[in-house]
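Engineer: Sharing a structure with you now.
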Amino acid sequence: MKSFALRVPAQVRFISQVVEVVSEAANHANLDSDDVFRCQLVTDEACSNIIEHAYENVAEGTIEVRCFAEPKHLEINLYDTGVKFNPVEKMPYEFPPNLSTLEPGGLGLQLMYHYMDVVQFLSTDDHNHLKMIKTPSNRLTRLHKYEMQVYESDQGPLIIMPRGQLDSAFAFDLDHQIGRIIADGHRLIVLDLRDSTYIVSRVVSTVVKYWRLLSQQGGALVISNTPPRVATVISLIGLDSVMEVFSSRQAALDKLASMQSNR
Amino acid sequence: MDVDLRQSEDAMVVVLGGRVDSETAPTLGEALSEALEHSAKLIIDMEGVQYINSAGLRELVGAFKEARAKDGDVRLAALTPRVAEVFEVSGLASIFQMHSQTADAVASFRA
């Protein structure tokens, strides 16, 4: 185990130094760059809360950081001697947020609880102590309930194959992904839904948006392999009456191949 | 943080770059206020943003409320995956309309 420590004045311009110490420790714990980013963000949020709430932006206090890093495990401790405060009581957070009641600080706390494995506020009479632990994120179980593979088929069209729950986060990711694929010059896309378990309407509207765009550009976006539950949603929304849905990926690829040869 | 304002049709595009954090968020707030003086339809081009914390998010939420009060909107474009994740985790992805490209966001105000 390796330890890292620093004490800085509790001022916004010193937060980056605390974040730097945490980054070094996170790298030492072999966390990947996304997790290092998450550790940086929560440290930034925690320090901002200390300055704003424990020191109320005026006191000339300090923030002390102590990290303990071992492979795949990072412990971050932040200490201050400001006013005793428990952010959990002070800043309850609604998810999704209610804009009319959104409290400053609540957002930062939400990020901490989401990104860290452990978040503990351990105040004593003479100091506040925030302890956070981070281990490597599991992409499927933590933020996203899906994975997405994108690759070129032997016949040429690109295959997008998501797995898991196609929720609103997926819709956004898909929008990005197809936008990039089209920017790269691809015009034929198969969205293979074989391993999807659930689909929201926002995904459907994203698909329709690119189906329309590609149709206008002489390309095509088709769906294949819908599992029964997903097929029911697609049918209820009426997507299957707008665009072609194929029972197998091969049938979809054959259709796209015939489109290419007819050009 | 870099910030640049430009008009696109009847919307204002706020082009952001770099880090949006507690130090730079006030500058973002000023830029958003200035943009809102010109139009209640704002597009935030975030392609160049590598980092945003809650201070930056709060500035965007403030602008969103102000724009909505004037029958406008704040729409986000070209978020990098890490920044998009911050919006998802904070729940703000369900509030802001998001587009993969700025041109799409401009077009969305036409509809």
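What follows is calculated from the coordinates using simple rules that are stated; it is not laboratory data. Being a predicted model, the structure only gives us computed values, none of them experimental. For neighbour counting, all protein chains shown are included, and Cβ atoms are generated from backbone atoms with ideal geometry for every residue, glycine included.
Engineer: Return one quarter of the surface area of the convex hull spanned by the alpha-carbon atoms of the protein assembly as shown, equal to its mean projected area, in nm².
Structural biologist: 20.5
Engineer: May I ask you to evaluate 6.51 cos²θ - 1.76 cosθ + 1.60, the Karplus curve with θ = phi - 60°, for each residue of segment B:27-44 and list the ³J(HN,Hα) values in order in whole Hz, giving x for glycine and proline?
Structural biologist: Going residue by residue, I get 5, 4, x, 5, 5, 5, 4, 5, 4, 5, 5, 8, 7, 8, 9, 10, 10, 9 Hz, with x marking Gly and Pro.
Engineer: Per residue, how big is the convex hull of chain B when only Cα atoms are used? Give it in Å³.
Structural biologist: In chain B, the Cα convex hull volume per residue is 83 Å³.
Engineer: Sticking with this structure for a sec: Excluding same-chain pairs closer than 8 in sequence, count the lysine pairs in the protein assembly as shown whose Cα atoms lie under 25 Å apart.
Structural biologist: Lysine pairs, 8 or more places apart or on different chains, close enough: 17.
Engineer: Check which residues have an amide H placed less than 5 Å from A:Tyr198's amide H, if you skip close sequence neighbours.
Structural biologist: Here A:Leu166 satisfy the definition.
Engineer: List the residues, sorted by chain then number, that are 5 or more residues from A:Leu188 or on another chain and whose placed amide H is less than 5 Å from its amide H.
Structural biologist: Excluding prolines and chain starts, which carry no amide H, the hits are A:Leu158, A:Ala220.
Engineer: With both partners inside chain B, how many of the DSSP beta bridges are antiparallel, as a percent to the nearest 5?
Structural biologist: 30
Engineer: Follow-up. Provide the convex hull volume over Cα atoms per residue for segment A:142-263, in Å³.
Structural biologist: That works out to 96 Å³ per residue.
Engineer: While we're on this one: On each of the three principal axes of the Cα atoms of segment A:1-63, give max minus min coordinate, whole Å, ordered largest first.
Structural biologist: Each principal axis gives a Cα extent; for segment A:1-63 these are 37, 20, 16 Å.
Engineer: Sticking with this one: Rounded, prolate or oblate for segment A:152-218? Axes are the square roots of the Cα gyration tensor eigenvalues, ordered a ≥ b ≥ c, and the cut-off for rounded is a/c under 1.5.
Structural biologist: oblate
Engineer: Which angle from 0 to 90°, rounded to the nearest 10, does the C-alpha axis of helix A:33-49 make with the longest principal axis of chain A?
Structural biologist: The answer is roughly 40 degrees.
Engineer: Calculate how many DSSP beta bridges within the protein assembly as shown are antiparallel, expressed in % of all such bridges and rounded to the nearest 5.
Structural biologist: The antiparallel proportion sits near 60 percent.
Engineer: Continuing with the same structure: How big is the dipole moment of chain A about its Cα centre under a simple scheme where the beta carbon of each Lys and Arg is +1, that of each Asp and Glu is -1, and everything else is neutral? Debye, nearest 20, please.
Structural biologist: With Lys and Arg at +1 and Asp and Glu at -1, about 960 debye.
Engineer: Can you give the charge dipole size of segment B:14-65 about its Cα centre, rounded to the nearest 20 debye, using +1 on the beta carbon of Lys and Arg and -1 on the beta carbon of Asp and Glu?
Structural biologist: In debye, rounded to 20, segment B:14-65 gives about 200.
Engineer: Specify which residue in the list A:Val22, B:Gly56, A:Tyr115 is farthest towards the positive end of the charge dipole of the protein assembly as shown, using unit charges on the beta carbon of Lys, Arg (+1) and Asp, Glu (-1), about the Cα centre.
Structural biologist: Value: A:Tyr115.
Engineer: By its C-alpha gyration tensor, with a ≥ b ≥ c as the square roots of the eigenvalues, how is segment A:109-198 shaped: rounded for a/c under 1.5, else prolate for a/b larger than b/c, else oblate?
Structural biologist: Prolate, because a/c is 1.5 or more and a/b exceeds b/c.
Engineer: Give the average, rounded to an integer, of partner chain Cβ atoms located within 10 angstrom of each Cβ in B:45-57.
Structural biologist: 4
Engineer: Can I ask one more? Convert each backbone phi in segment A:121-137 into a coupling constant with the Karplus relation 6.51 cos²θ - 1.76 cosθ + 1.60 (shift: θ = phi - 60°), then list the ³J(HN,Hα) values in order as whole Hz, x for Gly and Pro.
Structural biologist: 9, 10, 6, 10, 5, 10, 7, 9, 9, 10, 10, 10, 10, 10, 10, x, 6
Engineer: What are the residues whose amide H is under 5 Å from the amide H of B:Ser8, where those residues sit 5 or more places off or on another chain and H is modelled from the backbone?
Structural biologist: Amide H neighbours of B:Ser8, under 5 Å, 5+ apart: B:Val13.
Engineer: Tell me the net charge near A:Gln11. Cut-off is 11 Å between Cβ atoms, A:Gln11 excluded, with +1 for each Lys or Arg and -1 for each Asp or Glu.
Structural biologist: -1
Engineer: What list of ³J(HN,Hα) values in whole Hz, one per residue of segment B:45-53 in order, does the Karplus curve 6.51 cos²θ - 1.76 cosθ + 1.60 (θ = phi - 60°) give from phi, with Gly and Pro shown as x?
Structural biologist: 7, 10, 4, x, 8, 8, 7, 9, 10
Engineer: Shifting gears a bit: Which trypsin sites (Lys or Arg not before Pro) in segment B:27-111 pass both tests, a DSSP loop state and at most 13 other beta-carbon atoms within 10 Å?
Structural biologist: B:Lys70
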